[in-house]
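Novice: Can you read through this structure? Questions will come right after.
Taken together, the values in this text are just the output of simple stated rules run on the coordinates, not laboratory data. What you are looking at is a predicted structure, and each value in this text was computed from that prediction instead of being measured. Heads up, the Cβs are rebuilt from the backbone with ideal geometry, glycines too, and the neighbour counts pull from every protein chain shown.
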């Protein structure tokens, strides 16, 4: 049974509806690019979708506005949840963070700085949780990922993390890292997977919702 899709206008907000066969509950999400989507059971109706939106109208509008407001502009750089103004200057061969500014020679150097900082911070989080896993991490890859914050190849011990995760605060980074490391033990999303995460990070559900701008 194929996925059905539709788009509706809700108080001037475009909402994409995805009706999926194996879905039992309705999920509403505002992505980091401010796009709104809903996942619903396959036999749900558009009226049920609108009813759900009405119940969560205040959350949706507030979350959408917050994400739009916090989306980086061309002259801004986000690091660990803080927004910095970018100032390009030839004299800065090494990027310098000065109060609310980041001083850097050019955009290429800024991207290298972003990747280096991401690797440092992600590796630190991995080292914090790795002793709890009793599994080897054989490779850590940091790259741009369009649809997810991270992934794990449990058979090979590979962890992949989205470079843009560096824009989030450390609480959210640690949640994503723990999520992917847990897949080394539990290569699925069954109850045992989430029980393991909860023992280590009791508030992981709150972090997950904050990360994805999601309401369940």
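Novice: Above 24 angstrom, tally the Cα pairs of segment 1-114 and express them as a % of all pairs, no decimals.
Specialist: For segment 1-114, the fraction of Cα-Cα distances above 24 Å is 47 percent.
Novice: Continuing with the same structure: Quick check: Cα centre of segment 152-189 to Cα centre of segment 46-65, how many Å?
Specialist: 30
Novice: Within 10 Å of each residue's Cβ, count the other Cβ atoms and sort 156, 4, 114 from fewest upward.
Specialist: Listed from fewest to most nearby Cβ atoms, that is 156, 4, 114.
Novice: Then there is this: Wrap a convex hull around the Cα atoms of segment 4-70, take a quarter of its surface area, and give that in square nanometres.
Specialist: About 4.3 nm², averaged over all directions.
Novice: Determine, for 147, 39, the number of other Cβ atoms within 10 Å of each Cβ, and report the residues in order from fewest to most.
Specialist: Fewest to most other Cβ atoms nearby, the residues stand as 147, 39.
Novice: Tell me, 96, 15 in order of fewest to most beta-carbon neighbours within 10 Å?
Specialist: Arranged by neighbour count, lowest to highest, 96, 15 become 96, 15.
Novice: Separate question: When N counts the residues of the chain, how does its alpha-carbon radius of gyration compare numerically with 2.2 N^0.38 Å, as a ratio?
Specialist: Cα Rg divided by the expected 2.2 N^0.38 Å: 1.15.
Novice: Given only helices, namely DSSP H runs of n ≥ 4 each adding -39500 (n - 2.57), what is the per-residue ellipticity at 222 nm of the chain, to the nearest 500 deg cm²/dmol?
Specialist: That calculation yields -11500 deg cm²/dmol at 222 nm.
Novice: Could you please state, rounded to a whole Å, how far the C-alpha centre of segment 1-20 is from the C-alpha centre of segment 78-126?
Specialist: 38
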